[in-house]
Amino acid sequence: ERLTDFGKKLRATSLDELPELWNVLKGEMSLVGPRPLLMHYLPLYNDFQNRRHEMKPGVTGWAQVNGRNAISWDEKFAHDVWYIDNFSFWLDIKILFLTVKKIFVKEGISAEGEATMPYFTGNKTDEKK
């Protein structure tokens, strides 16, 4: 409801992500890594989900090229941890190329019925889903 037509166009083209490049230049973020989430989610993570913080956050990541916002939170966390466990220069190159493809195909921009993702309510069990 709060997303304007202009905002929808920015999200559809992923131009709303451009300010994050400043954070990359400042060294606070990487081009590839788990996408940063809202700070108020921090106390909601279980041990598995919290592993996403073992690396700098990225502008794009494995979860983005494997569903973006159209996947569940459990899938998103599983992709983030998989990336951390399988990190390599060549995987980053692959993710960057797949990101460009996702931008042009415009897949997974939002979860069904949401502007982006539904609110994360947490899952304090330490089991990987």
- [ ] With θ set to phi - 60°, apply the Karplus curve 6.51 cos²θ - 1.76 cosθ + 1.60 along segment 57-63 and write out the HN-Hα couplings as whole Hz, x wherever there is a Gly or Pro.
- [x] x, x, 5, 9, x, 4, 5
Task: Calculated FRET value between THR121 and ASN86, using beta carbons and R₀ = 25 Å, to 0.05 - done: 0.35
Open item on the list: Greater than 19 Å separation of Cα atoms is the criterion. Which listed pairs, LYS56/LYS76; LYS9/LYS101; LYS26/LYS94; LYS8/LYS102; LYS9/LYS102, meet it?
Closed with: LYS26/LYS94
Task: Under-5 Å amide H pairs with LEU31, H placed in peptide plane, nonlocal only - done: VAL59
Task: Under Karplus coefficients 6.51, -1.76 and 1.60, residue-wise ³J(HN,Hα) of segment 75-91 in Hz, glycine/proline x - done: 5, 4, 5, 4, 5, 4, 5, 4, 4, 4, 6, 10, 3, 7, 4, 5, 5
TODO: Specify whether the C-alpha gyration tensor of segment 57-109 places it in the rounded, prolate or oblate class, a ≥ b ≥ c being the square roots of the eigenvalues: rounded for a/c under 1.5, otherwise prolate if a/b is larger than b/c and oblate if not.
DONE: oblate
- [ ] Quick one: grab the alpha carbon gyration tensor of segment 28-71, order the square roots of its eigenvalues as a ≥ b ≥ c, and give me rounded if a/c is under 1.5, else prolate or oblate depending on whether a/b is larger than b/c.
- [x] oblate
Task: Protein accessible area in segment 8-105, 1.4 Å probe - carbon and sulfur % - done: 67 percent
TODO: Might you work out the accessible area of LEU21 for me, using a 1.4 Å probe with all protein chains in place, and round it to the nearest 10 Å²?
DONE: 70 Å²
Task: segment 22-59: trypsin sites (Lys or Arg not before Pro) in DSSP loop, at most 14 other beta carbons within 10 Å - done: LYS26
Task: FRET efficiency for LEU98 and LEU38, using Cβ-Cβ distance with R0 set to 22 Å, rounded to 0.05 - done: 0.35
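The values are calculated or read from the model by the stated rules, or taken from the named source; none is laboratory data. Keep in mind that what you see is a predicted model, and the values were worked out from it rather than measured. Virtual Cβ from ideal backbone geometry, glycine too; neighbours counted across all protein chains shown. Areas reflect the complete protein model, heavy atoms only, side chains present, ligands, DNA and RNA absent. Shrake-Rupley method; radii C 1.70, N 1.55, O 1.52, S 1.80 Å.
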